[in-house]
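One structure is given below, encoded as structure tokens.
The values are calculated or read from the model by the stated rules, or taken from the named source; none is laboratory data. Keep in mind it's a predicted model, so treat the numbers as computed, not measured. All Cβ positions, even for glycine, are placed from backbone atoms using ideal geometry, and neighbour counts span all protein chains on display. Ligands, DNA and RNA are excluded from the accessible area calculation, which covers all protein heavy atoms including side chains. Shrake-Rupley method; radii C 1.70, N 1.55, O 1.52, S 1.80 Å.
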Amino acid sequence: MAKLIPEILRFDSLPSTNLEAARRAIEGAAEGLCVVAGEQTAGRGRMQRRWVSPKDAGLYFSVVLRPCFEQSSWPLLTLMAAIAVHDALLDSCAVKTDIKWPNDILVGDKKLCGILAETVETSAGRAVVVGIGINLAKNSFSSEFDGIATSVEDAAGQKPGLDVVLKALVSSLDCYYQTLRQPGGPEEIVRGWSRRSSYCEGRRIRVLESNRSLVGTTRGLERDGALRVETDDGEMRIVRAGDVTVVRPLSV
Ligand code: BTN
């Protein structure tokens, strides 16, 4: 299986590394092109949210992928990226993280990293841009993120060098992207994600989908990475997109 040959383009400032990577994919960039920025002025998050990206406070990274496998398995790309971030932070900073479905990287219940995969039509076929934002420095967010966001510096006691985290991230993305493309790879990614996530099994959660909300208990992942949720009346619901929050038991 061919390795990703990463080419890394660095910018002091960009509106969004995802937008820049998508633009270059349309221009014909090869699989493996990585874009890194020191800050983003219009960082994009899931569900049309913004991703606050202050200067030198985080790793703002996107990679162009051109997957050859069937599109029904493409949701696994974000799970693969979440595993890669999890392992990169453990290896480079000794920070142990949790993964909230589908791809929020947490320490405790605070978010340390977000992942946004976007498809882009190119003359060489449909490509995927996987964008990863890792909070590296503490105290770089306004008070609206108190209690919600955290950083590697908060978790490890010191701010890591960006290049140390970047090197570990590119290497683990390369490794798990290869895994995903191998026979049996999708199952391996689902198993790997499940091992690293406390949300996979037995967590009581609420899922906000585009036009409905459901409460239930998590019961693992489907083969394509969708989340199985058992509602209180015993129905198994399969969630393919949505925002997960923990439902805390009522205190008595
Ligand atoms: C989320 O909402 O959790 C996803 C956030 C993804 C943020 C990253 S930062 C690098 C890349 N460029 C963007 O504009 N967004 C992603």
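For the reader, a short list of remarks on this structure follows.
- Restricting the first member to region 27-42 and to residues that are within 16 Å of the ligand (Cβ to nearest atom) and open to solvent by less than 10 Å² (accessible area, probe 1.4 Å), and the second to residues that are among the basic types (Lys, Arg) and part of a strand (DSSP E or B), the beta-carbon pairs closer than 7 Å and six or more apart or on different chains are Val36/Arg10.
- Residues that are within 19 Å of Leu169 (Cβ to Cβ) and either within 16 Å of the ligand (Cβ to nearest atom) or open to solvent by 10 Å² or more (accessible area, probe 1.4 Å) (or both) do occur in region 70-78.
- Residue in region 152-203 that is surrounded by the most Cβ atoms within 10 Å (Cβ to Cβ), counting only those that are without any contact (Cβ under 8 Å) to a residue 40 or more places away in the chain and within 23 Å of Ala37 (Cβ to Cβ): Glu153
- Asp56 being of a type outside the set (S, T, N, Q), more than 8 Å from the ligand (Cβ to nearest atom) and at negative phi: no
- Which numbered condition Leu112 misses (of (1) within 14 Å of the ligand (Cβ to nearest atom); (2) of a type in the set (A, V, I, L, M); (3) touching a Lys or Arg at 6+ places or on another chain (Cβ under 6 Å)): (3)
- In the set (1) of a type outside the set (Val, Ile, Thr); (2) in a strand (DSSP E or B); (3) in contact (Cβ under 8 Å) with a residue 40 or more places away in the chain, Pro102 fails one condition alone, (2).
- Residue that is most open to solvent (accessible area, probe 1.4 Å), among those in region 215-236 that are part of a strand (DSSP E or B) and in contact (Cβ under 8 Å) with a residue 24 or more places away in the chain: Val215
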